[in-house]
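Since the structure comes first, as structure tokens, the remarks are kept for the end.
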Amino acid sequence: MQQRLGIDIGGSGIKGALVDTENGKLLTGRLRIPTPQPSSPDAVAGVISQIVANFQYEGPMGVTFPGIVKNGKILSAANVDEHWVNADAGALFSTTLGQPVSVINDADAAGIAEMRFGNGRDVRGVVILLTLGTGIGSAIFLDGRLLPNSEFGHLKIRGKDAELRASERVREEKSLSWKKWSGALGEYLAELEKLFSPDLFLIGGGISKKADKFIPYLKTHVSVPIAAALLQNEAGMIGAALITEARN
Ligand code: BGC
């Protein structure tokens, strides 16, 4: 067993758990702390310290971030405080915690977990995973290998970011029926299908628990197989824990 702490920063909550990176299972319950508002770098680093202290964890850890991440540096922040843009999250967290911290885009982390331990396992060809939550995150794989920071949630659909039409937040805020919301999501998937000809779409995020309510509608929009992600809300934490492995 190899135990690692994985932390997932989201627009509404920051979650952490100890993960067994050999089988992708959580070794503890998850701790969820509401994302501070404003979600400034220092405030978020404070919450991460709290999570680390809670698990009395020492060692390499991984943290996801809901924006573009390149070499630990944050390059976009659509749903979190704008002060993150250009911040070196890897350096900030490692200094605050006195331990090495790897940082990765949240959807990329979820995708890595899903390809290793979930419904993307052993799937060859092009796989696109979308996480539907506050925004829309994306991860694209070829033969299991990630192309990082794909940011398909910002693809324009009739002039507007896809995540402003088809995220879970939009469904809730506008009280859309499953059918109506699936129409918007299906239009978006059809566009992705045209651009990337994937072999499989995986739909992740908390909404994947309710897959039977919307996947049948989506199937009428695209010809590619669509499946719900298996790891749901845990995928980000598991993926975060997995990216620490490269250091060992
Ligand atoms: C961000 C992505 C992120 C997604 C899900 C989008 O607004 O640009 O980086 O993966 O939200 O959190």
Exercise for review: Would you compute, for the Cα atoms of the chain, the largest minus smallest coordinate along each principal axis and list the three values in descending order, in whole Å?
Suggested key: 50, 37, 29
Point to revise | Label-point separation in nm, D20 to E245, each point 7 Å along Cα→Cβ | key: 1.5 nm
Review point. Rounded if a/c is under 1.5, else prolate if a/b beats b/c, else oblate: with a ≥ b ≥ c from the C-alpha gyration tensor eigenvalues square-rooted, which is the stretch 45-134?
Key: oblate
**Study point:** Structure-based [θ]222 nm, the chain - -39500 (n - 2.57) summed over DSSP H runs of at least 4, per residue, nearest 500
**Key:** -9500 deg cm²/dmol
Revision key, fill the gap. Cα-Cα pairs in the stretch 1-56 separated by more than 18 Å, as a whole percent of all pairs, come to 32 percent
Review point. Using the Cα gyration tensor of the stretch 84-158, with a ≥ b ≥ c the square roots of its eigenvalues, what is the shape: rounded (a/c below 1.5), prolate (a/b larger than b/c) or oblate (neither)?
Key: oblate
Point to revise | Crossing angle, helix 178-196 versus the chain [Cα axis fit, 0-90 degrees, rounded to tens] | key: 80 degrees
Check your understanding: Considering only DSSP beta bridges whose two residues both sit in the chain, what percent are antiparallel, to the nearest 5?
Key -> 60 percent
**Study point:** Counting DSSP beta bridges with both ends in the stretch 1-88, the antiparallel % (nearest 5)
**Key:** 80 percent
Study note, to complete from the structure: Under the rule rounded for a/c under 1.5, else prolate if a/b exceeds b/c, else oblate, using alpha carbon gyration tensor axes a ≥ b ≥ c, the stretch 191-248 is classed as oblate
Review point. So what is the relative contact order for the stretch 20-169, in percent, with contacts set as C-alpha pairs under 8 Å and at least six apart?
Key: 16 percent
Practice item. Please build a GNM for the chain, connecting alpha carbons under 10 Å apart, and tell me which residue among G29, G16, G137 fluctuates the most. Key: G29
**Study point:** Cross-link pairs beyond the 18 Å C-alpha cut-off, checked among K194/K219; K160/K219; K73/K160
**Key:** K160/K219; K73/K160
Check your understanding: Pulled fully out, how much extra length does the chain show between D88 and H154, if you take 0.36 nm times their separation in residues and subtract their Cα-Cα distance?
Key -> 21.5 nm
Revision key, fill the gap. The answer for the longest stretch of the chain without any exposed GluC sites (Glu not before Pro) (DSSP loop, at most 15 further Cβ atoms within 10 Å) is 59-248
Practice item. In whole Hz, with x marking every Gly and Pro, tabulate ³J(HN,Hα) for the stretch 107-119 from phi via Karplus 6.51 cos²θ - 1.76 cosθ + 1.60, θ = phi - 60°. Key: 6, 4, 5, 4, x, 4, 5, 5, 6, 7, 10, x, 7
Review point. What angle, in degrees between 0 and 90 and rounded to the nearest 10, separates the Cα long axis of helix 41-54 from the longest principal axis of the Cα atoms of the chain?
Key: 70 degrees
Point to revise | Inter-centroid distance (Cα atoms) of the stretch 136-178 relative to the stretch 187-227, Å | key: 11 Å
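Since every read-out is calculated from the coordinates, none of them should be taken as a lab result. No experiment lies behind these values; they were computed from the predicted model shown. All Cβ positions, glycine included, derive from the backbone under ideal geometry; neighbour counts span all protein chains shown.
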